[in-house]
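Notes follow once the structure below has been shown.
Any read-out appearing in this document is the output of simple, stated calculations on the displayed coordinates, not a laboratory observation. What you are looking at is a predicted structure, and each value in this text was computed from that prediction instead of being measured. Neighbour counts run over all protein chains shown; Cβ positions are idealised from the backbone, glycine included.
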Amino acid sequence: MKIPVGILGATGAVGQRFVQLLADHPWFEIAELAASDRSAGKPYREACTWRLPGAPSEAVGATPVTTCEGPFRSKVLFSGLDSSVAGDVEAALAGQGYAVISNARNHRMDPDVPLLIPEVNPEHLEALTVQRRRTGGGYIVTNPNCSVVGLAMALAPLHRAFGVKEVAVATLQSLSGAGYPGVASLDVSDNVLPYIGGGEEEKIEKEPRRILGRFDGKSFVPAGFAVSASVHRVPVSDGHTMALFVRLERKASAAEAARALAEFRGEPQERRLPSAPCRPIHVLEAPDRPQPRLDRDREGGMAVSVGRVREDGTFDLKLEALVHNTIRGAAGAAILNGELLQARGLLS
Ligand SMILES: NC(=O)c1ccc[n+]([C@@H]2O[C@H](COP(=O)([O-])OP(=O)(O)OC[C@H]3O[C@@H](n4cnc5c(N)ncnc54)[C@H](OP(=O)(O)O)[C@@H]3O)[C@@H](O)[C@H]2O)c1
């Protein structure tokens, strides 16, 4: 018997990825689809302008879209809701006893909500004990900002092995990160936009410290390093690229750093969770990689690609990282979170 799940924001860019990635999932089965009043009452195939390769199944296409208020038959709800509504909707549903596994930024920094990357900080799920006492049983688990997933995964093995002291990062973020219709074509064709709204730089500066910090039984204690970010929107369809400059507590050669990155594994790999990549980080040797078009789909879009790992005279190390923003950076991240919750017995 598969676990029935609902998708909130099912018609959006992230919602469509949920529909695509859950289509043949071994544990979860799409039972309900929800979005705004504009979509409610229509069959999914009419409510949603499908923008991914392939098409949803007949059954999913015929499923009537509901609003997000509930009640839902599914106890597990994946959320790709717009942040203008996710805050109140997700809190209300957690209060009604649902497990809400969210992409939205609204609850990421709440004192008892895990901001989870299963390979990096599965122990942060301990915060659910505190959260469930507050809500009476339901809960919210969040995944990070789409760039932060790639950034935090690249930093985690370096932090464990050598200690990270300071990070500077410049991002080159794809168009799908802005949802649909996203950025106006006349703004982005033949162009680079050195600004992304919605507090993008602040999220990239804050979230990795929370993820690589610890939960002390009551609240989260952020990691002690500082992050400085500068973001750009570039005319790439999918895949966020980042140039990272890292100062370390203990010096490491480029070869030592590359080995720590390549050997990185976590609980999803030990437990062989269905969406877990075999190797969370692919270290690429070629001097002109990673590239979004060539490398974003590694291990179904769930692996982060890293390249150009080199020593640096100003910082200690510099490297490039690439993450598929709507898979590992969004829907795939949430599904992996759901799999870890199920494997740990937290979905029942
Ligand atoms: N795109 C990415 O790479 C990415 C990565 C990580 C996280 N995220 C986060 O994931 C969330 C979704 O992003 P997206 O890019 O998928 O956005 P999107 O394409 O604009 O989709 C937004 C979804 O929210 C629904 N919605 C909007 N207003 C609503 C309301 N008042 N009540 C109920 N539902 C409402 C929309 O339904 P209708 O179609 O009915 O309007 C749609 O299903 C955001 O919080 C975003 O920050 C996105």
#### Entry: Residues whose placed amide H lies under 5 Å from that of Lys42, excluding near-sequence neighbours
Val65
#### Entry: Derived scalar couplings ³J(HN,Hα) [segment 317-328; Karplus, 6.51 cos²θ - 1.76 cosθ + 1.60; whole Hz; x for Gly, Pro]
9, 9, 7, 10, 10, 9, 10, 6, 5, 8, 9, 4
### Task
Express the relative contact order of the chain as a whole percentage, based on alpha carbon pairs under 8 Å and six or more residues apart in sequence.
17 percent
### Globularity index of segment 206-256, i.e. its alpha-carbon radius of gyration over 2.2 N^0.38 Å
1.55
### Query
Mind listing the Cα extents of segment 276-330 along all three principal axes, in Å, largest one first?
35, 19, 19
### Task
Excluding Gly138 itself, calculate the net charge of residues whose Cβ lies under 14 Å from the Cβ of Gly138, where each Lys or Arg counts +1 and each Asp or Glu counts -1.
+1
### Query
Rounded to the nearest 500 deg cm²/dmol, what is the calculated helix-only ellipticity per residue at 222 nm for the chain, with -39500 (n - 2.57) per DSSP H run of length n ≥ 4?
-8500 deg cm²/dmol
### Message
If amide hydrogens are placed 1.01 Å from N in the peptide plane, which non-local residues have theirs closer than 5 Å to the one on Asp316?
### Response
Val246, Arg247, Leu248
### Query
Which ³J(HN,Hα) values, rounded to whole Hz and listed in residue order, are derived for segment 334-340 from phi using the Karplus coefficients 6.51, -1.76 and 1.60 in 6.51 cos²θ - 1.76 cosθ + 1.60 with θ = phi - 60°, glycine and proline given as x?
5, 5, 4, 4, x, 5, 5
### Task
May I ask for the net charge around Val304, where only other residues with Cβ less than 9 Å from the Cβ of Val304 are counted and Lys, Arg are +1 while Asp, Glu are -1?
+2
### Query
Excluding same-chain residues fewer than 8 positions from Lys165, which lysines have a Cα within less than 16 Å of its Cα?
Lys206, Lys251, Lys318
### Summary
Taking a straight Cα-to-Cα line shorter than 15 Å from Lys203, and setting aside same-chain aspartates and glutamates fewer than 8 residues away, one finds Asp110
### Query
Amide H to amide H, which residues 5 or more places from Val231 or on other chains are under 5 Å from it, using H placed in the peptide plane?
Thr171
### Query
With the contact rule set at Cα under 8 Å and sequence spacing of 6 or more, what percent relative contact order holds for segment 44-166?
22 percent
### Task
Name the longest site-free stretch of the chain, where the excluded sites are GluC sites (Glu not before Pro) in a DSSP loop with no more than 12 other beta-carbon atoms within 10 Å.
70-262
### Query
Let a ≥ b ≥ c be the square roots of the eigenvalues of the Cα gyration tensor of segment 207-348; is it rounded (a/c under 1.5), or, if not, prolate (a/b larger than b/c) or oblate?
oblate
### Summary
In whole Hz, the Karplus estimates of ³J(HN,Hα) for segment 235-248 (6.51, -1.76, 1.60; θ = phi - 60°; x where Gly or Pro) are x, 10, 6, 9, x, 9, 9, 9, 9, 10, 10, 10, 9, 10
